[in-house]
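The values are calculated or read from the model by the stated rules, or taken from the named source; none is laboratory data. For clarity, every value in this text was computed on a predicted model and none was experimentally measured. Cβ: placed from backbone, ideal geometry, glycine included. Neighbour counts: every protein chain shown.
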Amino acid sequence: TLASEFFRDVEAGLDPQVPHNYFPQNDPQNKPRATWRSHGNLLFINWLNYYVYQITPYDLRHMNPTLD
């Protein structure tokens, strides 16, 4: 995550800039909020639905109806 990269650089003795608006009040002591998570899940589900289920060229009439 961005936080782990930031803290890795701090521990390495570098002086990285705090990622803007990543931590609440831009304070690395505060735990970042994953407010984007539901949007990311929706994006992935929509992508999966479109590319796998909507544009996959298959005809159900040619599929084997049994599970063996």
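Worth pointing out:
- Among residues of the stretch 29-43, those that are more than 22 Å from residue 5 (Cβ to Cβ) and hydrophobic (A, V, I, L, M, F, W, C), counted: 2
- Test: residue in the stretch 19-34 that is at pLDDT 85 or above, out of contact with any helix residue (DSSP H, G or I) (no Cβ under 7 Å at 6 or more places or on another chain) and among the hydrophobic types (A, V, I, L, M, F, W, C): yes
- Residues that are of a type in the set (S, T, N, Q) and on the phi < 0 side of the Ramachandran plot, drawn from the stretch 12-44: 17, 29, 30, 35, 38, 41
- Taking residues in the stretch 1-15 that are charged (D, E, K, R), and partners anywhere that are surrounded by 10 or more Cβ atoms within 10 Å (Cβ to Cβ) and at pLDDT 95 or above, the pairs with Cβ atoms closer than 7 Å and at least 6 places apart or on different chains are 9/16.
- When the residues of the stretch 32-61 are filtered to those that are of a type in the set (D, E, K, R) and either outside any loop (DSSP other than H, G, I, E, B) or surrounded by 10 or more Cβ atoms within 10 Å (Cβ to Cβ) (or both), the one that is farthest from the chain's Cα centre (by Cα) is 61.
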